[in-house]
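Remarks on the structure that follows.
The numbers here are math on the coordinates, done by the rules we state, and not lab data. Please read these numbers as outputs of a predicted model, since none were measured by experiment. Methodologically, a virtual Cβ is constructed for each residue, glycine included, from the backbone with ideal geometry; neighbour enumeration extends over all protein chains shown.
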Amino acid sequence: MVALVLGLLVLNDWLVSQSQIGGPLYEEIDHSHALVADLLPPPLFVVEAHELAHELADATSERDDRRLLLIRARLAELQAEFESRQRYWNQVALPEPLRRTLSSRVQESAAQYFRIMNGPFLAVINKGDALEARQLLRDTLQPVFLRHRMGVLEAVYAVRTYTEALEQEVRTRRSKLAWRMALFGLALLGAAGLLLYLWCMPRVLAGRA
């Protein structure tokens with residue numbers, strides 16, 4: 001009897017630990033929400049960097065050195081934020097399909113964008129050639145950005161689908177937990193009733209004798 005009660009207590013404790021706030025499932029859900037937040041601009045979505053690339057071309061055309069300095073400083077910050085969050089997500093345990101989407105469709109295109117930005121694009125900006133900068137934007141950076149943006153949309157959809165599945169699993173486990181708690185209560189009542197019966201019956205029989 002004691003073994004039965006202890007077993008039910010252990011089962012109940014495990015179910016609670018799995019579905020409670022702070023449990024393994026909630027940790028995965030938190031990661032999913034955090035990933036969506038990172039995919040939206042910025043740091044993993046380079047849309048602000050793309051906008052600033054256009055501003056760099058404009059500032060170059062206008063010979064606005066102060067504006068150029070500020071934009072380049074912000075671009076460096078955006079790249080640093082991207083690389084920091086990229087390192088973080090590379091260490092988080094994500095489902096393999098989601099990890100592949102993040103790596104091949106988002107991170108690779110963003111890294112390529114920054115390579116072009118820091119290489120040929122800034123070289124043209126340093127020369128003060130706004131016309132060539134706009135051409136490079138149109139012919140080279142824009143296609144990379146469009147591919148990157150599509151990858152971000154795919155990754156956001158994949159994360160949200162994964163999160164919905166996790167949340168459904170939490171709801172299912174909570175429902176199962178409620179049933180097990182009810183059964184647990186009935187089992188305890190049954191055990192208490194049996195103990196009471198075993199305690200009372202010898203005394204009743206002795207009284208009749």
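For the reader, a short list of remarks on this structure follows.
- Cα-based equivalent ellipsoid, the stretch 24-169: semi-axes from gyration tensor eigenvalues, Å: 34, 14, 11
- In terms of packing, defined here as the mean over residues of other Cβ atoms within 10 angstrom, the peptides 106-115, 82-91, 139-148 line up highest first as 106-115, 139-148, 82-91.
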